[in-house]
Amino acid sequence: MIKLSPSILSADFVNLERDIRALSPAGADYVHVDVMDGLFVPNITIGIPVVAAIRRITELPLDVHLMIDRPIRYVEDFCKAGSDILTIHVEADTEENTLTALKRIRELGVKAAISVKPRTPAEAVLPFLPYCDLILVMTVEPGFGGQAFMEDMMPKLKQIRQWIDLHNPQCELEVDGGVNVETGKICCQNGANVLVAGSAFFKSADPAAFAVKVKHPEL
Ligand code: DX5
Ligand code: ZN
(Lines give C-alpha, C1' and ligand atoms only; values in the text may rest on other atoms or scores of the structure.)
(Ligands and ions follow the chains in the order given, each with its own letter.)
Protein backbone atom coordinates (compact mmCIF):
# COMPACT_ATOMS: atom_id res chain seq x y z
CA MET A 1 0.00 0.00 0.00
CA ILE A 2 1.29 3.45 -0.95
CA LYS A 3 0.96 6.20 1.66
CA LEU A 4 0.57 9.92 1.01
CA SER A 5 2.17 12.52 3.27
CA PRO A 6 1.07 16.02 2.18
CA SER A 7 3.64 18.70 2.97
CA ILE A 8 1.95 21.59 4.74
CA LEU A 9 4.65 23.91 3.43
CA SER A 10 2.23 24.42 0.53
CA ALA A 11 -0.84 24.85 2.77
CA ASP A 12 -2.44 28.24 3.41
CA PHE A 13 -0.78 29.29 6.68
CA VAL A 14 -3.60 31.74 7.40
CA ASN A 15 -5.95 28.76 7.31
CA LEU A 16 -3.60 26.08 8.58
CA GLU A 17 -6.17 24.49 10.88
CA ARG A 18 -8.71 24.23 8.05
CA ASP A 19 -6.13 22.77 5.67
CA ILE A 20 -4.89 20.21 8.22
CA ARG A 21 -8.38 19.09 9.20
CA ALA A 22 -9.11 18.49 5.51
CA LEU A 23 -6.17 16.08 5.11
CA SER A 24 -7.66 12.92 6.60
CA PRO A 25 -10.97 13.16 4.69
CA ALA A 26 -8.94 13.73 1.50
CA GLY A 27 -7.08 10.44 1.97
CA ALA A 28 -3.78 11.56 3.50
CA ASP A 29 -1.94 9.00 5.65
CA TYR A 30 0.55 11.34 7.34
CA VAL A 31 1.05 15.08 7.78
CA HIS A 32 4.49 16.12 6.51
CA VAL A 33 5.91 19.04 8.50
CA ASP A 34 9.02 20.75 7.09
CA VAL A 35 11.22 22.37 9.73
CA MET A 36 14.01 24.61 8.38
CA ASP A 37 16.57 26.65 10.30
CA GLY A 38 18.11 28.99 7.71
CA LEU A 39 21.48 27.23 8.18
CA PHE A 40 21.14 23.66 6.95
CA VAL A 41 18.94 25.03 4.15
CA PRO A 42 18.53 28.61 2.90
CA ASN A 43 15.00 29.00 4.25
CA ILE A 44 13.22 29.27 7.62
CA THR A 45 9.82 27.73 8.27
CA ILE A 46 8.22 26.59 11.51
CA GLY A 47 9.31 25.04 14.80
CA ILE A 48 8.36 23.24 17.97
CA PRO A 49 5.27 25.26 19.07
CA VAL A 50 3.68 24.85 15.64
CA VAL A 51 4.24 21.08 15.72
CA ALA A 52 2.60 20.99 19.17
CA ALA A 53 -0.36 23.03 17.89
CA ILE A 54 -0.83 20.76 14.87
CA ARG A 55 -0.78 17.77 17.22
CA ARG A 56 -3.92 19.08 18.89
CA ILE A 57 -6.01 19.21 15.72
CA THR A 58 -5.28 15.94 13.90
CA GLU A 59 -5.16 12.23 14.62
CA LEU A 60 -2.95 11.61 11.59
CA PRO A 61 0.67 10.68 12.33
CA LEU A 62 2.97 13.72 12.18
CA ASP A 63 5.85 13.07 9.78
CA VAL A 64 8.31 15.76 10.87
CA HIS A 65 11.22 16.48 8.52
CA LEU A 66 14.01 18.36 10.27
CA MET A 67 16.23 20.33 7.89
CA ILE A 68 18.33 21.78 10.68
CA ASP A 69 22.01 21.73 11.69
CA ARG A 70 22.97 19.34 14.49
CA PRO A 71 19.42 18.06 15.06
CA ILE A 72 20.57 16.15 18.16
CA ARG A 73 20.05 19.46 20.01
CA TYR A 74 16.31 19.41 19.34
CA VAL A 75 15.12 15.83 18.79
CA GLU A 76 13.75 15.55 22.31
CA ASP A 77 11.70 18.75 21.94
CA PHE A 78 10.25 17.64 18.62
CA CYS A 79 9.37 14.20 20.03
CA LYS A 80 7.66 15.75 23.03
CA ALA A 81 5.77 18.17 20.76
CA GLY A 82 3.99 15.15 19.25
CA SER A 83 6.02 13.89 16.28
CA ASP A 84 5.21 10.32 15.26
CA ILE A 85 8.05 10.04 12.75
CA LEU A 86 11.09 12.28 13.21
CA THR A 87 13.52 12.60 10.28
CA ILE A 88 17.01 14.03 10.58
CA HIS A 89 19.53 14.56 7.78
CA VAL A 90 22.72 12.49 7.58
CA GLU A 91 24.55 15.59 6.33
CA ALA A 92 23.61 17.64 9.40
CA ASP A 93 26.07 16.17 11.94
CA THR A 94 28.74 13.51 12.55
CA GLU A 95 27.89 9.82 12.16
CA GLU A 96 28.22 9.36 15.92
CA ASN A 97 25.82 12.18 16.76
CA THR A 98 23.35 11.05 14.11
CA LEU A 99 23.31 7.54 15.62
CA THR A 100 22.88 8.93 19.12
CA ALA A 101 20.01 11.11 17.93
CA LEU A 102 18.25 8.19 16.20
CA LYS A 103 18.51 6.05 19.34
CA ARG A 104 17.20 8.90 21.47
CA ILE A 105 14.20 9.36 19.15
CA ARG A 106 13.30 5.66 19.49
CA GLU A 107 13.76 5.75 23.26
CA LEU A 108 11.14 8.48 23.32
CA GLY A 109 8.69 6.17 21.52
CA VAL A 110 8.89 7.96 18.18
CA LYS A 111 9.80 6.45 14.81
CA ALA A 112 13.32 7.43 13.82
CA ALA A 113 14.25 8.36 10.27
CA ILE A 114 17.12 9.70 8.21
CA SER A 115 17.13 11.65 4.99
CA VAL A 116 19.69 12.06 2.22
CA LYS A 117 20.07 15.12 0.00
CA PRO A 118 20.39 14.61 -3.78
CA ARG A 119 24.20 14.75 -3.83
CA THR A 120 24.59 12.30 -0.93
CA PRO A 121 25.28 8.74 -2.11
CA ALA A 122 23.03 5.81 -1.21
CA GLU A 123 25.84 4.27 0.90
CA ALA A 124 25.44 7.06 3.44
CA VAL A 125 22.32 5.36 4.83
CA LEU A 126 24.03 2.02 5.57
CA PRO A 127 25.44 2.75 9.07
CA PHE A 128 21.99 3.92 10.19
CA LEU A 129 19.69 1.37 8.53
CA PRO A 130 19.23 -0.88 11.62
CA TYR A 131 18.20 2.17 13.68
CA CYS A 132 15.68 3.56 11.21
CA ASP A 133 11.93 3.14 10.81
CA LEU A 134 11.91 5.22 7.63
CA ILE A 135 14.40 6.50 5.09
CA LEU A 136 13.66 9.67 3.14
CA VAL A 137 15.25 10.17 -0.26
CA MET A 138 15.14 13.81 -1.40
CA THR A 139 14.19 14.26 -5.04
CA VAL A 140 14.89 18.03 -4.91
CA GLU A 141 17.48 20.11 -3.02
CA PRO A 142 15.81 20.66 0.34
CA GLY A 143 14.67 24.18 1.14
CA PHE A 144 11.65 25.03 -0.98
CA GLY A 145 8.42 23.55 -2.28
CA GLY A 146 7.47 23.61 -5.94
CA GLN A 147 10.80 22.49 -7.45
CA ALA A 148 11.22 20.05 -10.34
CA PHE A 149 11.49 16.32 -9.59
CA MET A 150 14.99 14.83 -10.04
CA GLU A 151 14.42 11.57 -11.84
CA ASP A 152 18.15 10.81 -11.63
CA MET A 153 17.58 9.94 -7.94
CA MET A 154 15.79 6.71 -8.99
CA PRO A 155 18.87 4.43 -9.03
CA LYS A 156 19.62 5.58 -5.46
CA LEU A 157 16.04 4.92 -4.39
CA LYS A 158 16.12 1.46 -5.94
CA GLN A 159 19.42 0.63 -4.26
CA ILE A 160 18.13 1.71 -0.85
CA ARG A 161 14.96 -0.37 -1.39
CA GLN A 162 17.15 -3.43 -1.98
CA TRP A 163 19.10 -2.82 1.24
CA ILE A 164 15.88 -2.24 3.20
CA ASP A 165 14.40 -5.52 1.94
CA LEU A 166 17.58 -7.35 2.90
CA HIS A 167 18.43 -5.78 6.25
CA ASN A 168 15.36 -4.03 7.72
CA PRO A 169 12.17 -4.93 5.82
CA GLN A 170 9.90 -3.05 8.26
CA CYS A 171 11.57 0.23 7.33
CA GLU A 172 9.52 2.57 5.14
CA LEU A 173 10.97 4.33 2.10
CA GLU A 174 9.78 7.87 1.45
CA VAL A 175 10.44 10.37 -1.33
CA ASP A 176 10.12 14.14 -1.07
CA GLY A 177 10.28 16.81 -3.76
CA GLY A 178 8.43 17.38 -7.01
CA VAL A 179 6.07 14.45 -6.50
CA ASN A 180 2.90 14.46 -8.61
CA VAL A 181 0.82 11.65 -10.12
CA GLU A 182 3.38 10.92 -12.85
CA THR A 183 6.57 11.25 -10.82
CA GLY A 184 4.97 9.48 -7.86
CA LYS A 185 4.36 6.46 -10.06
CA ILE A 186 8.03 6.41 -11.06
CA CYS A 187 9.01 6.53 -7.36
CA CYS A 188 6.72 3.60 -6.54
CA GLN A 189 8.20 1.60 -9.41
CA ASN A 190 11.61 2.20 -7.83
CA GLY A 191 10.61 1.10 -4.35
CA ALA A 192 9.08 4.05 -2.51
CA ASN A 193 6.06 3.35 -0.30
CA VAL A 194 5.51 6.85 1.14
CA LEU A 195 5.10 9.88 -1.12
CA VAL A 196 5.43 13.44 0.15
CA ALA A 197 3.55 15.94 -1.98
CA GLY A 198 3.33 19.66 -1.27
CA SER A 199 2.34 21.79 -4.23
CA ALA A 200 0.80 18.94 -6.26
CA PHE A 201 -1.58 18.14 -3.39
CA PHE A 202 -2.46 21.61 -2.12
CA LYS A 203 -2.70 23.24 -5.55
CA SER A 204 -4.82 20.44 -6.94
CA ALA A 205 -8.42 21.39 -7.79
CA ASP A 206 -9.46 18.09 -6.17
CA PRO A 207 -6.95 16.91 -3.53
CA ALA A 208 -9.02 13.79 -2.73
CA ALA A 209 -8.93 12.71 -6.38
CA PHE A 210 -5.19 13.46 -6.46
CA ALA A 211 -4.72 11.26 -3.38
CA VAL A 212 -6.57 8.34 -4.98
CA LYS A 213 -4.47 8.61 -8.15
CA VAL A 214 -1.10 9.02 -6.47
CA LYS A 215 -1.75 6.16 -4.01
CA HIS A 216 -2.85 3.76 -6.76
CA PRO A 217 -0.14 3.92 -9.43
CA GLU A 218 -1.39 0.58 -10.78
CA LEU A 219 -4.69 2.15 -11.96
C1 DX5 B 1 11.53 20.66 0.52
C2 DX5 B 1 10.60 20.00 1.49
C3 DX5 B 1 9.45 19.34 0.84
C4 DX5 B 1 8.56 20.27 0.04
C5 DX5 B 1 7.92 19.47 -1.04
O6 DX5 B 1 12.70 20.99 1.14
O7 DX5 B 1 11.28 19.01 2.25
O8 DX5 B 1 8.69 18.58 1.76
O9 DX5 B 1 7.57 20.91 0.79
O10 DX5 B 1 7.19 20.31 -1.88
P11 DX5 B 1 6.82 19.89 -3.36
O12 DX5 B 1 5.99 18.63 -3.29
O13 DX5 B 1 6.05 21.07 -3.85
O14 DX5 B 1 8.10 19.66 -4.12
ZN1 ZN C 1 10.04 17.60 3.46
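The values are calculated or read from the model by the stated rules, or taken from the named source; none is laboratory data. Please read all numbers here as calculations on a predicted model, not as lab measurements. Glycine gets a Cβ as well: all are built from the backbone with ideal geometry, and neighbour counts include every protein chain shown. Heavy atoms of the whole protein, side chains included, go into the accessibility calculation; ligands, DNA and RNA do not. Shrake-Rupley method; radii C 1.70, N 1.55, O 1.52, S 1.80 Å.
Here are the numbers for the structure shown:
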quantity	calculated
Lone qualifier among GLU91, GLU96 - being out of contact with any strand residue (DSSP E or B) (no Cβ under 7 Å at 6 or more places or on another chain) and away from ligand 2 (no atom under 16 Å from the Cβ)	GLU96
Number of positions in segment 114-167 that are among the aromatic types (Phe, Trp, Tyr), part of a loop (DSSP other than H, G, I, E, B) and open to solvent by 70 Å² or more (accessible area, probe 1.4 Å)	1
First in segment 128-140 and under 14 Å from ASN193 (Cβ atoms) and touching a residue at least 60 places away in the same chain (Cβ under 8 Å), second anywhere and in a loop (DSSP other than H, G, I, E, B) and more than 8 Å from ligand 1 (Cβ to nearest atom), Cβ under 9 Å, 6 or more apart	LEU134/CYS171
Residue within segment 8-22 that is outside any loop (DSSP other than H, G, I, E, B), open to solvent by less than 50 Å² (accessible area, probe 1.4 Å) and among the small types (Gly, Ala, Ser) present	yes
Residue satisfying all of: in segment 193-202; out of contact with any Lys or Arg (no Cβ under 6 Å at 6 or more places or on another chain) and in contact (Cβ under 8 Å) with a residue 60 or more places away in the chain; farthest from ligand 2 (Cβ to nearest atom) among these	ASN193
Segment 179-193, residues that are buried (at least 24 other Cβ atoms within 10 Å of the Cβ) and either among the small types (Gly, Ala, Ser) or outside any loop (DSSP other than H, G, I, E, B) (or both)	GLY184, CYS187, ALA192
